[in-house]
Each structure stands twice: as structure tokens, then as C-alpha cells.
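Please read the structure below before turning to the comments.
The values are calculated or read from the model by the stated rules, or taken from the named source; none is laboratory data. All of these numbers come straight from a predicted model, not from anything done at the bench. As a convention, Cβ positions derive from the backbone with ideal geometry for all residues, glycine included, and neighbour counts pool all protein chains shown. To get the accessible areas, we keep the full protein, side chains included, count just its heavy atoms, and leave off ligands, DNA and RNA. Shrake-Rupley method; radii C 1.70, N 1.55, O 1.52, S 1.80 Å.
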Amino acid sequence: MKKHLSVFFKLLFAAFAFVMFPVRSAAQLYVVDNNFPDSIEAYVIQTSKDTGKAYRGNTAFKFAIGDTVQVKELMASDSLYAEIVKDGNTYCMLRRYLILSDDNPEGTVDVLGADRDMSNHKWAAKFFATFTPYLFVILLLLVAIIIGVLPLKLCPSLKRTALYVLPVAMFLVAAIEVTAWLVMGSDTFWWCDPDRYGFFGSLLRVVPFVVLVACQLFSVLLYKNLLEEYVKEDQSLSFLPLLVSVGASIPVVIVLAIILAICGLNSIMNGVCLAAFLITLIIGIAYSSYRNVKALGKSLGGLFSLFLIVYAIGAVIAIYGLIAVIFQLIIQILMVLAAIAACVFAVAFMSSSNGGGGSSQQPPRIYYDNDGNGHYFAGERDRANERIRERKEGEM
């Protein structure tokens, strides 16, 4: 009886421990995951001779998205990396590319923390890491341009329809751009990234990007032309203040950021720059809206003002992305030109150095007599030739 009670209490204690203390296996299963379909690198772990701390070494191999790996724990010296086990050896990889596998036993603790909640694991980030949303933008811009051009000459009966279709299309374009920026941040324009596609691959993608931004900026002129016949007498539509505010918003932010950085006010930089950006936009939007409501009335004037707000937001994001991409390309071009200039300078310097120093170190000229013997001076050669001639005459 006592034996059975002992076994019972052991089982009860084991069940209690299982419930109260989640399973923490020696090597837990994780799935390689990211919003971009690129392979993920795993690295050799090396140890510093000076400090004895482990650090990331060279790339050992790569995992494909969806591969399952065994994770031991976080690297003690760098919590950005997780230690993984493959073929009995320990390597490391960035923890942000790993999420806990559903194949682990129930109650397994996620030693990497709540990395599943990171943005690169979200469905929205994976959606914007494809070309699908950007194809929608292209189609919507085509619709906006076509519906804005047709009523002007080819199909005047579509003018009333175009008054609503064009701003809706541009609203959807701006909505996609804003959402992409909120989800992806600086990776929004990944499809023009020189680090991903190289210089020439990125350059080829910038060309259509410029065309799309131009179409987006041109849409306000099309919409203005559609509204011209509804403008009251002695009034005119206003969108130039808006264009000025859109164009000035980014330089204003850059100048302010530089001034605040110089003054050491980094703690308030984000708030001040955001406020300056919004104030710059609001001034142009408010003035244009006031003029347009006065020229068109509350209905159409309000619609045009709403269009201008959407237009401004989308235009700022598109222009910022284009500037960022072009700036990256310019940096690469300057680096290449600097390398070429350095090589040319080095070659010219070496040539000049060799040429200047070599003139004093050239071997002396040798003068050969008729017997083939060399002399440093022409006079010695002539006297040798004279002796040779006399010798030959004496032999005769």
C-alpha cells in the first residue's frame, strides 16, 4: 500500500511541475521567417582572444524561408543573435528571423521572447514585400491619367464621372503609400534598393519610379482642368501654395534636423521636425482650400481641397522615396568616381616619381669601339679605334 501511495505522489508531483513550470527543452524548434523571401545567413561563432567573449564570425551557410532550426539559447555576449545547432555544431543567426515552431511540445518557453510580434513576421509586411501593392499603384495611376485626359478632348461626357473617379484613384494610391510607409518604414522602396539589386539593377528600376512620381504630381493639373468650367467668375483655382508647401516640407525638416543636431537638441528633434513638417503642409493646404472653396463653392471646393490633402500626403511620400533612392545611387556613383580618381592619381604619381628619379639614375651611355669594347666617353672610343687601326696596319 505504501509503495502504491509513493508512486501516486510522485506522479502527482510530476503533473504539478509540468503545469506550473513550462517545458524548456535543451534545443527548441524554430522556423526561419521573414517578410522578404531571401535566404537567411547563419554564422560561425568565434571567441575573442582578449575578452573571451563570443562574437559573430563569417557566414557558414544559409537557410531558406520556412526551414526549421534547433535553437539553444540567446548569445550571452550579443542578444541580437541566437545560438543554433546544426550537425552537432553550434552557429548563430539573427533572432529577428526566427519564430517558435508549432511542432514544439505544449508549454515550451520561447527563449527568444515575443519575436513573432516583430513587423517582419506580420502578413502586412509580407504583402508589401511583394510587387502586388505596387502593381495596384501603377494601375490606379493609369486609371487616374486616362480618366483625367479623356474628358478634355476625346470624351467630354465622362467629365462628371472623372470628377469623382480621379480623386478616388489618387486617394487609393495615397492610402497604399501611407500604409506601406507605416508597415515597412525605410524599406518601403525596397524594389529600388542598390544593396538588393546592385547599382544597374536599381538604376533600371528608378526610371519607371520617376515616371510614376511624375504621373502622381501631374494628376493635380488634370483635376484642375476638369474643374475649370465650374469656377465662378473672377475667381481662380489655387494649388500653387500647396505645391510650394509640399516641395518645402522635406528641406525644412532636413535644415531643422541639422540645426538641432548641431545644438545638441537630439531629444526633441523628432517632435520638432514632425511639427515643422505638418505646419509647412497645413499652411499650403489651408490657403489653397480657402481659395478653392471660394472659387467652386462648398461642394466642389471641398472635394478639390480633400483631393489636395490626399495628393500632398502621397506626393510627399513618393518624392521622399525617390530622393532617398537617387541619393543612394549618387553616393555609389561618387564612391566609384572617387576610386577611379584615386587610381588615376596613384598611377600618375608613380609614373611621375619614376620618371623624375629615373633621369638621374639612368645607366651611363656606352661607346663601343671597332673591337666591341665599351667606353664611357667618346674620346676614349676614338683613341681605341685609332690604336686598333694602327695595330691592324702593323699586322699587314
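The table below gives the values:
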| quantity | calculated |
| --- | --- |
| Residue match in segment 10-29 (condition: surrounded by 11 or more Cβ atoms within 10 Å (Cβ to Cβ) and modelled with pLDDT of 80 or more) | yes |
| Output for segment 76-89, where each listed residue is surrounded by fewer than 19 Cβ atoms within 10 Å (Cβ to Cβ) and part of a strand (DSSP E or B) | V85, K86, N89 |
| Some residue of segment 59-79 being of a type in the set (S, T, Y) and more than 21 Å from N34 (Cβ to Cβ) | yes |
| Residues of segment 25-67 that turn out to be in a loop (DSSP other than H, G, I, E, B) and either more than 17 Å from R96 (Cβ to Cβ) or not small (G, A, S) (or both), as a count | 17 |
| Filter result for A124 (modelled with pLDDT of 85 or more, surrounded by fewer than 18 Cβ atoms within 10 Å (Cβ to Cβ) and of a type in the set (G, A, S)) | yes |
| Hits in segment 160-174 - residues which are open to solvent by 40 Å² or more (accessible area, probe 1.4 Å) and more than 11 Å from L141 (Cβ to Cβ) | R160, T161, Y164, V165, V168, F171 |
| Unmet criterion (only one of (1) within 28 Å of I319 (Cα to Cα); (2) over 32 Å from the mean Cα position of the chain (by Cα); (3) surrounded by fewer than 16 Cβ atoms within 10 Å (Cβ to Cβ)) for S157 | (1) |
| E73 open to solvent by 60 Å² or more (accessible area, probe 1.4 Å) and touching a strand residue (DSSP E or B) at 6+ places or on another chain (Cβ under 9 Å) | yes |
| For C92: the one exception among (1) part of a helix (DSSP H, G or I); (2) within 30 Å of D193 (Cα to Cα) | (1) |
| Filter pass, T47 being out of contact with any Leu (no Cβ under 7 Å at 6 or more places or on another chain), modelled with pLDDT under 85 and either farther than 25 Å from P105 by Cα or open to solvent by 40 Å² or more (accessible area, probe 1.4 Å) (or both) | no |
| Residue in segment 225-237 that is at pLDDT 80 or above, under 27 Å from the mean Cα position of the chain (by Cα) and open to solvent by less than 50 Å² (accessible area, probe 1.4 Å) present | no |
| Any chance S101 is within 18 Å of Y30 (Cβ to Cβ), surrounded by 12 or more Cβ atoms within 10 Å (Cβ to Cβ) and touching a residue at least 12 places away in the same chain (Cβ under 8 Å) | yes |
| Top-ranked residue of segment 310-323 - restricted to ones that are in contact with a Phe, Trp or Tyr (Cβ under 7 Å, 6 or more places away or on another chain) and within 19 Å of P194 (Cβ to Cβ), ranked as most open to solvent (accessible area, probe 1.4 Å) | L322 |
